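S.K.: Attaching a single structure in structure tokens format; questions to follow.
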Amino acid sequence: MEFTPTAISGAFVIGLHVQSDPRGRFSRTYCEREFAEAGLQTRWVQANHSVTLGRGSARGLHYQVPPHGEAKLISCVFGRAFDVAVDLRRSSPTFLKWASIELDQSTSLYLPPGCAHGFQALEDEVHLTYLHSQFYEPEAERGLRLDDPLLAIDWPLPLGERSQRDRDFPLIGADFAGVD
């Protein structure tokens with residue numbers, strides 16, 4: 001595994017060593033020892049799998065507020081996704097900055113607590129898996145709009161299908177306090 005810092009403080013692109021032969025591919029997506037050596041989260045309490053249909057469809061930007069803030073390890077197991085992290089930690093030098101990566105079967109993305117996450121499907125079917133350091137707590141769940149002009153995320157495709165919940169998230173206002 002190769003850990004490459006992103007433009008977001010504490011977030012890393014994880015390059016996976018993919019081994020291929022005539023039978024297919026194999027890659028290790030998590031190693032407790034290597035994550036600990038990199039100073040990253042090693043305790044995961046929940047795993048999720050999303051399937052997103054339709055090129056251009058999008059999900060996010062989702063996060064949980066303290067004390068339920070969660071680190072996430074996001075991997076793409078089928079298709080390709082334009083994956084975005086937004087730093088919501090007011091004390092961070094990258095507060096309200098965003099970083100993106102194209103996720104496929106050779107990369108993962110590690111996000112520290114205090115970052116919102118969203119993505120856009122770059123193919124007609126995309127499968128992402130998530131490891132979470134905290135349990136899902138509905139009362140702690142929040143979100144930001146994918147098309148927030150303050151963030152000005154440069155999506156590679158027009159935003160397609162989105163849930164009504166994601167469309168209804170608020171825009172970031174001057175009173176946005178962050179998640180510290």
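S.K.: Counting just the residues of the stretch 58-78 that are in a loop (DSSP other than H, G, I, E, B) and small (Gly, Ala, Ser), which one comes out nearest to residue 31 (Cα to Cα)?
M.R.: 71
S.K.: Tally time: how many residues in the stretch 40-68 are surrounded by fewer than 11 Cβ atoms within 10 Å (Cβ to Cβ) and among the small types (Gly, Ala, Ser)?
M.R.: Total satisfying the criteria: 1.
S.K.: Next question. I'd like the full set of residues that are basic (Lys, Arg) and either free of Cβ contacts under 8 Å to residues at least 40 places away in the same chain or part of a loop (DSSP other than H, G, I, E, B) (or both), limited to the stretch 131-180.
M.R.: 145, 162, 165, 167
S.K.: Identify, from the list 94, 107, the residue that is among the polar types (S, T, N, Q) and either modelled with pLDDT under 95 or surrounded by 20 or more Cβ atoms within 10 Å (Cβ to Cβ) (or both).
M.R.: 107
S.K.: Hey, can you tell me all the residues within the stretch 66-115 that are at negative phi, touching an Asp or Glu at 6+ places or on another chain (Cβ under 6 Å) and small (Gly, Ala, Ser)?
M.R.: 91
S.K.: When only residues in the stretch 84-103 that are touching a Gly at 6+ places or on another chain (Cβ under 8 Å) and among the charged types (D, E, K, R) count, which is farthest from residue 61 (Cα to Cα)?
M.R.: By that ranking, first place goes to 90.
S.K.: When you go through 36, 58 one by one, which is the residue that is out of contact with any helix residue (DSSP H, G or I) (no Cβ under 9 Å at 6 or more places or on another chain) and not charged (D, E, K, R)?
M.R.: After ruling out the rest, the residue left standing is 36.
S.K.: Can you list residue pairs whose Cβ atoms sit under 6 Å apart, with the first residue in the stretch 1-27 being in a strand (DSSP E or B) and the second being of a type in the set (Gly, Ala, Ser)? Count only pairs 6 or more apart in sequence or on different chains.
M.R.: Qualifying pairs under 6 Å: 2/15; 3/38; 14/108.
S.K.: Out of the residues in the stretch 116-131 meeting the condition of being of a type in the set (A, V, I, L, M) and more than 8 Å from the chain's Cα centre (by Cα), tell me which one is nearest to residue 42 (Cα to Cα).
M.R.: If we take residues in the stretch 116-131 being of a type in the set (A, V, I, L, M) and more than 8 Å from the chain's Cα centre (by Cα), then 131 is nearest to residue 42 (Cα to Cα).
S.K.: Give the residues of the stretch 12-30 that are loosely packed, with under 13 Cβ neighbours inside 10 Å and either under 25 Å from residue 85 (Cβ atoms) or charged (D, E, K, R) (or both), sorted by residue number.
M.R.: Residues satisfying the conditions are 17, 21, 23, 25, 28.
S.K.: Can you tell me which residue among 13, 45 is within 12 Å of the chain's Cα centre (by Cα) and closer than 19 Å to residue 112 by Cα?
M.R.: Criteria check complete, one pass: 13.
S.K.: Take the conditions of a type in the set (Phe, Trp, Tyr) and either in contact with a helix residue (DSSP H, G or I) (Cβ under 6 Å, 6 or more places away or on another chain) or under 26 Å from residue 180 (Cβ atoms) (or both) and apply them to residue 26. Does it pass?
M.R.: On the way: of a type in the set (Phe, Trp, Tyr): yes; either in contact with a helix residue (DSSP H, G or I) (Cβ under 6 Å, 6 or more places away or on another chain) or under 26 Å from residue 180 (Cβ atoms) (or both): no.
In short, no.
The values are calculated or read from the model by the stated rules, or taken from the named source; none is laboratory data. Model, not experiment: these values are computed from the prediction. When we count neighbours, we look across all protein chains shown, and the Cβ atoms used for this are built from the backbone with ideal geometry, even at glycine.
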